[in-house]
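Notes follow the structure.
The values are calculated or read from the model by the stated rules, or taken from the named source; none is laboratory data. Here the structure is a predicted model, which is why all the values come from computation and not from measurement. Neighbour counts run over all protein chains shown; Cβ positions are idealised from the backbone, glycine included.
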Amino acid sequence: MINPFEILETVQMIEKQKLDIRTITMGISLLDCCHSDMDIACQKIYDKITYYAEDLVRVGEEISLEYGIPIINKRIAVTPISLIAASADETDYVKFAQTLDRAANTVGVNFIGGFSALVHKGYTKGDINLIESIPEALDITEKVCSSVNVATTKSGINMDAVKQMGEVIRETAQLTADRDGLGCAKLVVFANAPEDNPFMAGAFHGVGEPECAINVGISGPGTVKTALESVKGESFDVVSETIKKTAFKITRMGQLVANEAAKRLDVPFGIVDLSLAPTPDVGDSVARILEEMGIESCGAPGTTAALALLNDAVKKGGIMASSHVGGLSGAFIPVSEDEGMIEAVNKGSLNLQKLEAMTCVCSVGLDMIAIPGNTSAQTISAIIADEAAIGVINNKTTAVRIIPAPGKKAGDKVEFGGLLGRAPVMDVSKFASDEFVSRGGRIPAPVHSFKN
Amino acid sequence: MKAIVTVIGKDKIGIISKISTKLAKHGVNILDISQTILQGYFTMMMFVDLEVMDISFAKLARELELLGSELGVSILIQQEDVFKSMHRI
């Protein structure tokens, strides 16, 4: 039998250290829903999603109750809509987004991802239409999340798409100005987007995926921080070992939930995503883990090294605990969703430049960062280009989810509520990148040898 | 199906008796039991068999939760697998 100390450890991880399963995400292929008549295509999409995901929320709640572990979100990811909608005669794809929203509401999930386009090498007609529909789609829907992949290591960076996404982000912020630019919190611009990511806003069901799959995202920054509190002053060898062991335990929980959900829903298990996902709650912060390692305030020198160690140790511990690891699998550093990050920005120890450096060693880029509302589209595009370059050169996923908060300036606050949290508006460089961005074309794929 | 009942809270007379009465009422068999005082808190763990239980897991969990608030302790019931998967390879 399991010994009492082990039982107590598990109970305390859940009760006191906020260990939870962040999401069970069902990936559903919509490749068989194409039709030249948009109404028929939308009906097929609605029927398919509501059929496959009918029991998703109920099963999630049952597992949560029986195992005594909170499962915060149940979500759906679908095939990038640009691929499905391309067959339709119409060019305005907002109706597809409304269909996704309606299906999400019917089955009761928290979010649905996949209003997406993959344009790392160029646009199809469907991609053009979809990207143009993004601002309105994110304005009038509630649960739909959108993502656009603008770069990959194998094909380089599509700078035309980077330029356009700066404009799309600005327009989305303007349309949702009454909600502090909330639409932008549901829009991610990716480099090297994974096809099986369970986390929003970037989840979509890639074309290499099966008909349907269950992917699970874990959480647990509080558990890692508590574990590190017991090794204060010890060497990094001990720190790394401690994180590995904790990550192993957290991931085993994710694997158990994933297996059980897959079995009960009769859908194949896809992957467990090892990312440590924070929430705005006290005690659930990635920044506080870095501070526990000895950094006075997140963003101070040493932060990047601490984050690199954390990210690597979480993967090492987690990989053995799960039969299939995938998705983003790295520590998240979303500013608005992490209580420690918010405080670090407020204190002045963390700025955009340091965050960019941190994204070189972890997932998943500049995430949930509010910037002044008057930031130009070109500056946003240039920020995306920098982040994409980090991803492309380092062969990893990076992303930008940035909110030019309408009417706000550096030092102000925006409030999104729930898991999206609240963000201090951060300063961006006053120097222009307009000419750089307006060049367009593609930045070629990097050489994969001579790595230095 | 086997599960583990965890009781944490301030010690008082009759905790074990009230919980075991409740479990017996619903056909839940106690296979093993251990208790200790950790950091001043009464901590009890019961390993139970739910094979012939006469109510659903959800209802039993709810009844134990209510009993817990009556007794001023926290009572959790979780399937055994959650501990096995976390602590055993």
Could you check the stretch A:379-416 and list, in sequence order, the residues that are closer than 26 Å to A:Glu142 by Cβ, out of contact with any helix residue (DSSP H, G or I) (no Cβ under 9 Å at 6 or more places or on another chain) and either outside any strand (DSSP E or B) or of a type in the set (Gly, Ala, Ser) (or both)? A:Lys408, A:Asp412
For B:Phe83, the lone unmet condition from (1) within 11 Å of chain A (Cβ to nearest Cβ); (2) modelled with pLDDT of 95 or more is (2)
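Give the residue, chosen from A:Ile14, A:Ile49, A:Ile21, that is within 13 Å of chain B (Cβ to nearest Cβ) and touching a strand residue (DSSP E or B) at 6+ places or on another chain (Cβ under 7 Å). Break it down into steps so the answer makes sense when it comes.
Working: A:Ile14 fails: touching a strand residue (DSSP E or B) at 6+ places or on another chain (Cβ under 7 Å); A:Ile49 fails: within 13 Å of chain B (Cβ to nearest Cβ).
One residue alone meets the criteria, A:Ile21.
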Out of A:Ile24, A:Ile134, A:Ile140, I need the residue that is within 22 Å of the chain's Cα centre (by Cα) and surrounded by fewer than 19 Cβ atoms within 10 Å (Cβ to Cβ). Which one? A:Ile140
If I filter the stretch A:313-332 for residues that are over 16 Å from A:Gly220 (Cα atoms), aromatic (Phe, Trp, Tyr) and touching a residue at least 12 places away in the same chain (Cβ under 8 Å), do I get at least one hit? no
Being at pLDDT below 95 and closer than 29 Å to A:Asn311 by Cβ is true for just one of A:Gly421, A:Gly411. Which residue is that? A:Gly421
Taking A:Glu61 as meeting all but one of (1) touching a residue at least 60 places away in the same chain (Cβ under 8 Å); (2) within 14 Å of chain B (Cβ to nearest Cβ), write down the number of the exception. (1)
Kindly indicate whether any position in the stretch A:67-90 is of a type in the set (Val, Ile, Thr), surrounded by fewer than 23 Cβ atoms within 10 Å (Cβ to Cβ), in contact (Cβ under 8 Å) with a residue 24 or more places away in the chain and within 14 Å of chain B (Cβ to nearest Cβ). yes
Report yes if B:Ile37 is touching a residue at least 24 places away in the same chain (Cβ under 8 Å), under 22 Å from A:Thr10 (Cα atoms), within 10 Å of chain A (Cβ to nearest Cβ) and not small (Gly, Ala, Ser), otherwise no. no
Inspect all residues belonging to the stretch A:143-152 and state whether any of them is within 20 Å of the chain's Cα centre (by Cα) and either over 28 Å from A:Pro424 (Cα atoms) or modelled with pLDDT under 95 (or both). yes
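Could you please let me know if B:Ser17 is over 27 Å from A:Ala258 (Cβ atoms), modelled with pLDDT of 90 or more and either at the interface with another protein chain (Cβ under 10 Å from one of its Cβ atoms) or under 11 Å from the mean Cα position of the chain (by Cα) (or both)?
Judged against the criteria, B:Ser17 is not a match.
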Could we say that A:Gly294 is surrounded by fewer than 20 Cβ atoms within 10 Å (Cβ to Cβ), away from chain B (no Cβ under 14 Å) and over 20 Å from the mean Cα position of the chain (by Cα) here? yes
Looking at A:Asp196, A:Asp160, A:Asp139, which one is outside any helix (DSSP H, G or I) and not hydroxyl-bearing (Ser, Thr, Tyr)? A:Asp196
Quick check on this structure: which one of A:Phe248, A:Phe236 is within 22 Å of A:Ile72 (Cβ to Cβ), surrounded by fewer than 23 Cβ atoms within 10 Å (Cβ to Cβ) and in contact (Cβ under 8 Å) with a residue 40 or more places away in the chain? A:Phe248
Which condition number in (1) under 29 Å from A:Gly417 (Cα atoms); (2) within 14 Å of another protein chain (Cβ to nearest Cβ) is the one that A:Pro221 fails? (2)
For the stretch A:251-304, give me each residue that is assigned to a loop (DSSP other than H, G, I, E, B) and either modelled with pLDDT under 95 or under 30 Å from A:His205 (Cα atoms) (or both). A:Asp266, A:Val267, A:Pro268, A:Pro278, A:Thr279, A:Pro280, A:Asp281, A:Val282, A:Gly283, A:Asp284, A:Ser285
Quick check on A:Ala97: is it crowded, with 24+ Cβ neighbours inside 10 Å and either touching a Cys at 6+ places or on another chain (Cβ under 8 Å) or among the acidic types (Asp, Glu) (or both)? no
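A quick yes/no check of all residues on (1) exposed (fewer than 12 other Cβ atoms within 10 Å of the Cβ); (2) out of contact with any helix residue (DSSP H, G or I) (no Cβ under 6 Å at 6 or more places or on another chain); (3) in a helix (DSSP H, G or I); (4) more than 11 Å from every other protein chain (Cβ to nearest Cβ):
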{"position": "B:Asp11", "(1), (2), (3), (4)": "no, yes, no, yes"}
{"position": "B:Ala24", "(1), (2), (3), (4)": "yes, yes, yes, yes"}
{"position": "B:Ile33", "(1), (2), (3), (4)": "no, yes, no, no"}
{"position": "B:Met45", "(1), (2), (3), (4)": "no, no, no, no"}
{"position": "B:Val48", "(1), (2), (3), (4)": "no, yes, no, yes"}
{"position": "B:Glu51", "(1), (2), (3), (4)": "yes, yes, no, yes"}
{"position": "B:Arg62", "(1), (2), (3), (4)": "no, yes, yes, no"}
{"position": "B:Ser74", "(1), (2), (3), (4)": "no, no, no, no"}
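In this structure, does B:Ile55 turn out to be within 14 Å of chain A (Cβ to nearest Cβ), surrounded by fewer than 16 Cβ atoms within 10 Å (Cβ to Cβ) and in a loop (DSSP other than H, G, I, E, B)?
So B:Ile55 fits the description; yes.
Output the residues belonging to the stretch A:417-438 that are assigned to a loop (DSSP other than H, G, I, E, B), surrounded by fewer than 17 Cβ atoms within 10 Å (Cβ to Cβ) and not aliphatic (A, V, I, L, M). Let's see the steps before the verdict.
The first filter runs over the stretch A:417-438 and keeps only residues assigned to a loop (DSSP other than H, G, I, E, B), leaving A:417, A:421, A:426-433.
Now drop any that are not surrounded by fewer than 17 Cβ atoms within 10 Å (Cβ to Cβ), which leaves A:417, A:427, A:429-432.
Of everything in the stretch A:417-438, those that are assigned to a loop (DSSP other than H, G, I, E, B), surrounded by fewer than 17 Cβ atoms within 10 Å (Cβ to Cβ) and not aliphatic (A, V, I, L, M) turn out to be A:Gly417, A:Asp427, A:Ser429, A:Lys430, A:Phe431.
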Does any residue of the stretch A:257-272 turn out to be of a type in the set (S, T, N, Q) and crowded, with 22+ Cβ neighbours inside 10 Å? no
